[in-house]
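Notes for the one structure printed next.
The values are calculated or read from the model by the stated rules, or taken from the named source; none is laboratory data. Since the model is a prediction, treat every value here as computed from it, not as a measurement. When we count neighbours, we look across all protein chains shown, and the Cβ atoms used for this are built from the backbone with ideal geometry, even at glycine.
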Amino acid sequence: MAPLAVVGNLARDLIAGTPPRAGGGPYHCARALRLLPERSLIVARSGDPSLFPPLAALGVPVKRVTGTRTSSFAFHYEGDVRIMTVTELGDTWEPGTASLLDPGGWVHVAPLARSDFPPETLAAFARNRRLSFDGQGLVRPERTGPLELDADFDPELLRHISILKLAEEEAGVIGDLDGLGVPEVVVTHGTRGCHVHVDGRVEHVPALGVDVDPTGAGDMFSAAYMAARAARQSPVAAARRASTIVAEVLAGL
């Protein structure tokens, strides 16, 4: 099977007043990938060296990219709703960082803000590869303070994307998903499962509920979904497999 990779900035997370801990797409995707047999790689960037050991401890191979800044967030949950404040933005990835990836294969790009991956960088990543993209990179503006989503993104960001994963609130901000021009869109709804949008059809896939801290569940879902699609599973089957993996991670398996 083609190699799998996840690329993104690590985050320093402050959750409901607890001590800082590692977060961001690379960390939470690795929590899922460690349960999967497919060969995978995490390419992670941060200006805070203390965030790399928790990632490495998960056992998924890591390429470490030293940054000048560190994405940082303070947040808490009210039910399934995440209330977030952006305290610092991370580095912007340059097109040359595509050389860190193996030729071919599948890549999940895990932005934490719109500034993380500009269109020219996504174009470089997409050469001879298939890209999955987290919708945070569309609707999270490049600013600190209380997180307020908007749809003022450059459509060029979507030109090279094969799979777009959106949280429910992100999809609500964007509105017309069919007009995005992305072949495959998956909208997650927390404990209510997800909807898979492909070829003008929409199918619901239920979640396997686990009553624990859901932090990172969307990233885990994206990694497992990408792995299943790379293994030639259908979009709906991939969503079912991803839901199972998320439940296993959250249950501590």
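Any idea which residue in the range 118-134 is nearest to the chain's Cα centre (by Cα), counting only those that are under 23 Å from MET84 (Cβ atoms) and crowded, with 24+ Cβ neighbours inside 10 Å?
Within the range 118-134, the subset under 23 Å from MET84 (Cβ atoms) is 118, 132-134.
The next check asks that each one be crowded, with 24+ Cβ neighbours inside 10 Å; those that pass are 132-134.
Working: SER132: 8, PHE133: 7, ASP134: 5 Å.
That would be ASP134.
Which condition does PRO235 not pass, out of (1) modelled with pLDDT of 95 or more; (2) within 14 Å of the chain's Cα centre (by Cα); (3) under 20 Å from LEU33 (Cβ atoms), if it passes all the others?
Exception for PRO235: condition (2).
Name every residue in the range 43-88 that is hydrophobic (A, V, I, L, M, F, W, C), more than 22 Å from VAL107 (Cβ to Cβ), crowded, with 18+ Cβ neighbours inside 10 Å and modelled with pLDDT of 95 or more, in order of residue number.
If the condition is that a residue be hydrophobic (A, V, I, L, M, F, W, C), more than 22 Å from VAL107 (Cβ to Cβ), crowded, with 18+ Cβ neighbours inside 10 Å and modelled with pLDDT of 95 or more, then VAL86 is the only one that fits.
Consider LEU55 carefully, then state whether it is touching a strand residue (DSSP E or B) at 6+ places or on another chain (Cβ under 8 Å), in contact (Cβ under 8 Å) with a residue 60 or more places away in the chain and either over 20 Å from LEU100 (Cα atoms) or not β-branched (Val, Ile, Thr) (or both).
Taking the combined requirement at face value, the residue does not satisfy it.
Is it fair to say LEU166 is over 16 Å from ALA223 (Cα atoms) and touching a residue at least 12 places away in the same chain (Cβ under 8 Å)? Steps first, please.
On the way: over 16 Å from ALA223 (Cα atoms): no; touching a residue at least 12 places away in the same chain (Cβ under 8 Å): yes.
Answer is no for this residue.
Name the residue that is farthest from SER50 (Cα to Cα), counting only residues in the range 12-27 that are small (Gly, Ala, Ser) and in a strand (DSSP E or B).
GLY23
Could you please let me know if GLY90 is within 16 Å of the chain's Cα centre (by Cα) and farther than 21 Å from MET226 by Cβ?
yes
State all residues of the range 179-216 that are among the small types (Gly, Ala, Ser) and touching a His at 6+ places or on another chain (Cβ under 8 Å); if no residue qualifies, say none.
Residues satisfying the conditions are GLY193, ALA207, GLY216.
Need at least 3 residues that are surrounded by 15 or more Cβ atoms within 10 Å (Cβ to Cβ) and of a type in the set (Val, Ile, Thr) per element, so show me which strands (runs of 3 or more DSSP E) inside the range 135-219 make the cut, counting only ones lying wholly within it.
Fully inside the range 135-219 and qualifying: 184-188.
Here are GLY8, GLY23: which of them is within 18 Å of GLY252 (Cα to Cα), crowded, with 24+ Cβ neighbours inside 10 Å and not aliphatic (A, V, I, L, M)?
Answer to the check: GLY23.
Do we have any residue at all in the range 238-253 that's touching a Lys or Arg at 6+ places or on another chain (Cβ under 6 Å) and at pLDDT below 95?
Yes, the range 238-253 contains at least one residue that is touching a Lys or Arg at 6+ places or on another chain (Cβ under 6 Å) and at pLDDT below 95.
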